[in-house]
Amino acid sequence: MLGVALFSLLTAWFFCLPDTLFNTPSSTVILDASGQLLAAQIAPDGQWRFNSEDSVPSKFEQCILIYEDRDFYSHLGIDFSALARAFWQNIRNQSIVSGASTISMQTMRMARNKRKRTYWQKSIEIAWALRAELKYTKAEILKLYCANAPFGGNVVGLETASWRYYDKPSKELSWAESAALAVLPNAPGMIFPGRNPAEFLRKRNSLLLRLQKLEIIDNQTYELALLEPLPSAPLPLPIHSHHLLSEATKSQNGKLIHTSIRIDYQKEASRIVESRLLELNKNKIYNAAILISNTATGEVLAYIGNGLISSSNGLANDMIQTPRSSGSILKPFLYGAMLESAAITPRSLIPDIPTQYAGFAPKNYDEEYDGVVPAEEALARSLNIPAVHMLKDYGIPLFHKKLKDIGLTTLSFPPSHYGLSLILGGAEVKLWDLVNAYRAIGSRLLVSNENQLYSHLHYEATKDLKTSAYSFSKSVSWSMLEAMALVNRPEERASWELFGGQQKIAWKTGTSYGFRDAWAVGVSPKFTVGVWVGNASGEGRPGITGLNAAAPILFDVFNSLPSSDWFKAPVSELASVDLCVNSGMRASKNCASIAKYEIPKECLKTSSCTYCYVEHLDQTRRFRVNTNCYPQGEIIHESRFELPPLQAWFYRQKTAFYKEKAPWHPNCNNQTETQAIQLIYPRNHSSIFIPRELNGVQENVVLKAAHFRRDAQIHWHLNDEYLGITQNFHHMEIQVPEGKYLLTLIDELGLEHAQWIVIRER
Ligand SMILES: [Zn+2]
């Protein structure tokens with residue numbers, strides 16, 4: 001009978017412990033790469049309670065054990081002699097005055113969350129403590145104790161207390177700090193100002209004295225420790241990454257999250273964005289985001305989702321994850337895609353002429369035209385018209401796919417929705433995706449490991465790095481970076497020389513339509529940095545341009561980071577090739593001016609020069625001839641680089657070296673070109689009178705032309721000014737003062753008609 005009872009009792013005891021001792025919710029806590037606290041979110045029960053993965057730091061362990069439970073490592077969960085002594089004292093005083101609780105028993109009391117101290121409760125605590133000693137190691141019990149002990153108010157656990165009272169992790173606590181925290185769980189109320197500072201100080205100092213007597217600390221440490229002040233009310237916790245915290249709270253509530261963030265970079269980036277925003281705020285520009293990543297690994301090193309001065313302007317919006325209009329920021333990817341498909345070399349000429357596609361008439365930022373521009377220069381200067389020509393050549397659906405392949409996740413519409421504007425800001429992108437895609441270009445030249453090559457941006461160490469993201473080849477990546485490092489006249493043609501500093505950086509800016517979004521992304525072998533500036537509300541402001549608003553922040557950030565050398569050229573992936581200096585295409589036998597260039601191997605498949613041909617001239621080299629009108633033996637054969645006339649017309653304005661096409665020799669005057677364009681008004685040699693209204697206000701003069709093809713386009717030029725383009729009905733209104741003007745009409749095939757016109761007052 002007794003045996004059965006004993007067995008039942010033992011069984012009950014054996015199963016008395018719940019599976020998990022503590023079911024209390026925890027704070028979501030974000031740590032930087034070195035374990036520094038970035039931000040924390042209070043637990044749902046209103047307590048600050050941090051999970052801690054580290055073991056209890058040695059200083060605090062010694063303090064708490066000496067203060068609470070000196071025999072912790074030798075007893076079995078309860079201290080029999082202390083218990084007997086306490087029991088005797090309690091009987092004498094007829095109340096419970098002495099707890100004699102071991103750390104194990106206190107831990108069990110905290111787990112049971114029972115306030116009442118009765119003999120019955122105490123018995124259960126003892127049973128649990130004995131049982132817990134079998135289930136857990138001493139280190140585990142101590143850790144449970146430290147994680148759940150009260151430290152005043154809603155501060156629960158050592159790690160929380162360490163941050164809230166001393167602003168540091170517990171492993172960095174001094175002896176005086178450890179001692180002060182060690183006396184708190186027993187009387188957590190002492191901490192509050194005005195409560196009982198004298199008692200608090202006495203308890204701490206007496207613990208320090210015991211440490212000194214036991215020779216755990218030397219005399220000097222003891223004397224100095226006494227001089228350290230007590231902590232006062234809890235400090236506010238740092239919020240160095242508000243948006244990362246809210247992101248983490250959504251997905252990993254209550255977890256302790258180790259991130260790749262560097263707190264020093266995070267703080268510095270915050271400081272930069274705040275000081276720049278102080279200036280931008282005067283122009284009603286309120287929001288900015290910065291993302292800094294490690295180019296080789298994709299680790300996010302700083303994450304400022306929205307740096308802002310006043311919290312009334314959209315604090316909730318994480319602008320790193322918000323899709324916004326891309327402006328010119330996608331142009332490098334088109335350049336890369338065309339190199340890769342052997343459509344161009346870096347030096348290939350791209351048209352830069354007035355252009356109209358189905359009602360879409362792109363303009364360069366400065367509204368000027370160069371006629372033609374080498375592809376890499378068009379990218380460095382962020383010219384819009386060449387970009388549109390490139391996209392038309394490459395194909396919108398193909399480029400749309402390429403953008404998805406490199407990791408842009410926000411192209412939610414089919415290619416036809418975007419059309420050619422895809423390259424000029426028609427698409428929306430997230431700063432996160434953008435930095436990821438730019439980073440991949442640099443990373444390509446740094447890593448050979450496949451996993452790293454296809455790694456994605458990530459801020460948590462545990463995240464899977466491998467993705468299927470596409471990446472450009474080494475040689476193409478190199479050419480993209482080199483073109484972006486040219487930065488010789490970005491889209492605004494402003495004082496770009498102010499930027500850059502010592503180190504070479506590949507960078508690109510973007511400005512969205514209506515001045516709503518300013519972008520700047522830069523890549524060095526160490527860092528890839530992305531910046532967005534604008535209003536989260538979407539309100540456009542004239543100052544929101546990539547160069548004026550985003551680039552200064554980008555360069556502040558780069559200047560604050562350790563600098564690095566430039567990428568190493570992937571020599572074995574490049575080919576040293578003869579290119580035509582004029583056309584940038586692979587040299588043909590007709591090209592007169594040839595030079596060696598290092599180009600991606602992919603470009604070996606590009607076609608050879610189509611601009612150069614052999615011109616047949618007379619002995620003076622001034623006239624064009626052929627064997628019908630000139631002695632064959634005297635004809636001089638000379639190489640000539642010729643652009644289509646419309647391109648040539650603009651090219652001539654900017655380039656002194658363009659050699660005009662020679663006119664036909666007088667003996668060859670039967671060789672006239674068909675006249676495709678004819679001026680209807682004014683007719684040959686007639687003058688135009690300036691029309692005026694009755695009140696004398698000048699009205700427009702309407703010039704009229706005709707083309708022998710019905711649907712031809714005509715580009716109108718008056719002296720050196722481009723007037724515009726007409727189709728079908730070729731009427732052009734002008735308003736000019738009296739004078740003589742050279743009117744030049746060029747159709748889309750390059751056929752040209754030039755004529756002097758006279759405009760007079762009546
Ligand atoms: Zn050539």
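The values are calculated or read from the model by the stated rules, or taken from the named source; none is laboratory data. Because the structure is a prediction, the values reported are computed rather than measured. We place every Cβ from the backbone using ideal geometry, glycine too, and count neighbours over all the protein chains shown. The protein model used for the area step is the full one, side chains on, heavy atoms only, and it has no ligands, DNA or RNA in it. Shrake-Rupley method; radii C 1.70, N 1.55, O 1.52, S 1.80 Å.
Laid out as a table, the results:
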read-out: Ser246-Asn186 pseudo-label distance in nm [points 7 Å out on the Cα-to-Cβ vector]; value: 4.5 nm
read-out: Net lengthening on full extension, Asn628/Ser564 (0.36 nm per residue, minus Cα-Cα); value: 16.5 nm
read-out: Computed [θ] at 222 nm, deg cm²/dmol, the chain (DSSP H ≥ 4; -39,500 (n - 2.57); rounded to nearest 500); value: -9500 deg cm²/dmol
read-out: Share of pairwise Cα separations in region 588-632, more than 18 Å, in percent; value: 52 percent
read-out: Length added when fully stretched, Asp264-Leu6, from 0.36 nm per residue minus Cα-Cα; value: 86.7 nm
read-out: Whole-Å distance, taken between Cα centres, linking region 553-576 and region 1-66; value: 49 Å
read-out: DSSP-loop trypsin sites (Lys or Arg not before Pro) across region 541-644, with at most 14 other Cβ within 10 angstrom; value: Lys568, Lys589, Arg621, Arg622
read-out: Backbone N within region 192-217 under 16 Å of label point (7 Å from Leu230 Cα along the Cβ vector); value: 192-209
read-out: Principal semi-axes in Å for the chain [√(5λ), Cα gyration tensor, largest first]; value: 80, 27, 21
read-out: At R0 = 30 Å, FRET efficiency that the Cβ-Cβ distance of Leu201 and Ser55 yields, to 0.05; value: 0.55
read-out: Listed peptides 268-275, 363-370, 717-724 by packing density, highest first (mean Cβ within 10 Å); value: 268-275, 363-370, 717-724
read-out: Accessible carbon and sulfur surface of the chain relative to its total accessible area, %, 1.4 Å; value: 52 percent
read-out: Compactness of region 644-762 as Cα Rg over 2.2 N^0.38 Å, two decimals; value: 1.18
read-out: Summed side-chain charge close to Ile353 - residues other than Ile353 whose Cβ falls under 10 Å, Lys, Arg +1, Asp, Glu -1; value: -3
read-out: Flagged links, alpha-carbon separation over 27 Å, of Lys605/Lys654; Lys138/Lys255; Lys171/Lys430; Lys143/Lys255; Lys430/Lys601; Lys402/Lys508; value: Lys605/Lys654; Lys171/Lys430; Lys430/Lys601
read-out: Order of exposure, largest accessible area first, which applies to Ser608, Ser412 with probe 1.4 Å; value: Ser412, Ser608
read-out: Quarter of the Cα convex hull surface for region 220-303, i.e. its orientation-mean projected area (nm²); value: 10.3 nm²
read-out: Potential extension, Ala706-Phe657 segment - 0.36 nm per residue separation minus Cα distance; value: 14.4 nm
read-out: Sequence ranges 17-24, 333-340, ranked by mean other-Cβ count within 10 angstrom, highest first; value: 333-340, 17-24
read-out: Kirkwood Rh in Å, taken over region 327-369 so that all alpha-carbon pairs contribute; value: 12.3 Å
read-out: Cα pair distances of region 692-762 binned at 10 Å [whole percent]; value: 18, 50, 24, 7, 0
read-out: Simple spin-label estimate for Glu693 and Asn667 in nanometres, 7 Å along Cα-Cβ; value: 6.2 nm
read-out: Rounded accessible area per residue of the chain, 1.4 Å, Å²; value: 47 Å²
read-out: Label-point separation in nm, Ala342 to Ala361, each point 7 Å along Cα→Cβ; value: 3.9 nm
read-out: Sites Ile680 and Tyr470 - FRET efficiency at Förster radius 41 Å, r taken between beta-carbons, to 0.05; value: 0.15
read-out: FRET efficiency estimate (nearest 0.05) - Cβ-Cβ, Asn728 to Glu368, R0 41 angstrom; value: 0.90
read-out: Peptide ranges 629-639, 162-172, 384-394 listed from the most packed, as the mean C-beta count within 10 angstrom indicates; value: 384-394, 162-172, 629-639
